[in-house]
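Throughout, read-outs are computed from the coordinates displayed, never taken from laboratory work. Predicted, not measured: the structure shown is a model, and the values here were computed from it. Methodologically, a virtual Cβ is constructed for each residue, glycine included, from the backbone with ideal geometry; neighbour enumeration extends over all protein chains shown.
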Amino acid sequence: MHVSVLYNEVLDWVDPQPGRTYIDATLGYGGHTQGLLAGCLPDGCVLSFDQDATAIAQARERLGAAAHHLTTAHSTFANIGIVAPSLGFGQVDGIVFDLGLSSMQLDTGERGFSFRFDAPLDMRMDQSQGRTAADLVNTLSEADLREIFWRYGDEQQGRKLAKVIVDSRPIDTTLALADLIANNKPGSRHRQKTHPATKVFQALRIAVNDELGALEAGLPAAIQLLKPGGRIAVISFHSLEDRFVKNLFRDFARDCICPQQQVVCTCDWEQVLHLPRRNQAIKPSAEEIAGNPRSRSARLRIAEKVARST
Ligand SMILES: C[S@@+](CC[C@H](N)C(=O)[O-])C[C@H]1O[C@@H](n2cnc3c(N)ncnc32)[C@H](O)[C@@H]1O
């Protein structure tokens, strides 16, 4: 059985209605898309993005007859502002983002996302293009690797690990990289809750898929596509993404961006979003975490386009 993270919370907020139009920016295995379709059929429609062609094929198969009412785009949601209007979704009533990896991607060993399986170091969500994790590990400078480990993984031993990696190249498989880190990271020999390579793997995955760049391009463009009164829900799984979503929502909810000490407003800024929970994140319940431990780091933020906004 497929379990979508924060499913009820997302669907309660977006509240899909018959005849209306929705976008799921991250189709995955189609859980949230299924809920959007169930709410908007028979005469509404849904456009779902995924940059992973396998995810699209599997979700369409899983959705069965409902997939006939679904438009899919094999594209990064970074291009949502161009792709959605070109497919007839120029103004929509609701948008869902459920960021990061799917369980299918994590649990398919040959995709190279996990050190639980020995496989080529790939990590691309879109396997039709772009540089693999092996490309980065084997070609980037020590300084660039260190920066990636620090920025995207908050890896305190990034300096040492970048040097060890550069000295040990080429490194082509998940286990070769995981073992190298385990053998060289201080404290790795002691029993730990998480594998010593967890942060490096996360950092490489974020870099390979330009996950923050996609969000920085895609989220403002998605807000642009919302009709007045349209609703957006964004689930993120690490603090870098969540901080970006929180700050963007906060800025779009302001009605003035003049410096605080300025008495008369001179900016032309108009409030774009209304934040019903004062920008507080919604977290999974204890029951949800018990049933699906991968949901534990999920944070959902919600917003509504203000009625007078264009
Ligand atoms: C967490 S899963 C989504 C699960 C889905 N909500 C469900 O209920 O089944 C995230 C999906 O988003 C896709 N994805 C991640 N970043 C993307 C991007 N920038 N553009 C398009 N798809 C992306 C991944 O390939 C993955 O299939």
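In a DSSP loop and with at most 12 other Cβ atoms within 10 Å, there are no chymotrypsin sites (Phe, Trp or Tyr not before Pro) in segment 204-310.
Residue exposure proxy: Leu204, Leu87, Leu225, ordered by other Cβ atoms within 10 angstrom of their Cβ from fewest to most, comes out as Leu87, Leu225, Leu204. Per residue of the chain, the DSSP helices (runs of n ≥ 4 H) give a summed -39500 (n - 2.57) that works out to -12000 deg cm²/dmol at 222 nm.
Would you compute the Debye intensity of segment 132-208 from its alpha-carbon atoms alone, equal scatterers and no solvent, and pass along log10 I(q)/I(0) at q = 0.13, 0.17, 0.18, 0.24 Å⁻¹ to two decimals? Reported log10 I(q)/I(0), two decimals: -0.31, -0.55, -0.62, -1.16.
Looking at segment 263-310, the trypsin sites (Lys or Arg not before Pro) that sit in a DSSP loop and have at most 12 other Cβ atoms within 10 Å of their own Cβ are Arg277, Arg278, Arg308. Each Cα pair of segment 64-174 feeds into the Kirkwood radius, which the Stokes-Einstein equation turns, at 20 °C and 1.002 mPa s, into a diffusion coefficient of 127 µm²/s. Kindly provide log₁₀ I(q)/I(0) values, in the same order as q = 0.14, 0.15, 0.16 Å⁻¹, from the Debye equation applied to equal alpha-carbon scatterers of segment 132-283. Summing over Cα pairs of segment 132-283 leads to -0.79, -0.85, -0.90. How big is D, in µm² s⁻¹, for segment 188-249 by Stokes-Einstein at 25 °C and 0.890 mPa s if Rh is the Kirkwood radius over C-alpha pairs? This corresponds to a translational diffusion coefficient of 176 µm²/s. For segment 1-89, give the magnitude of the charge dipole about the Cα centre (Cβ charges: +1 Lys/Arg, -1 Asp/Glu; no others), in debye to the nearest 20. Its charge dipole is roughly 180 debye. When the chain is treated as a GNM with alpha-carbon contacts under 10 Å, the residue of Gln34, Gln261, Gln51 showing the greatest mean-square fluctuation is Gln261. Of Leu215, Leu37, Ser168, which is farthest along the charge dipole of the chain in the positive direction, counting Lys and Arg as +1 and Asp and Glu as -1 at C-beta? Checking the options against the dipole of the chain, the answer is Ser168. Separation of the alpha carbons by more than 20 angstrom is noted, of Lys163/Lys193; Lys227/Lys283; Lys193/Lys246; Lys283/Lys305; Lys246/Lys305, for Lys163/Lys193; Lys227/Lys283; Lys193/Lys246; Lys283/Lys305. By the equivalent-ellipsoid construction on the alpha carbon gyration tensor, the chain comes out with semi-axes of 35, 24, 18 Å, ordered largest to smallest.
Relative to one another, the C-alpha centroids of segment 217-255 and segment 1-29 are positioned 16 Å apart.
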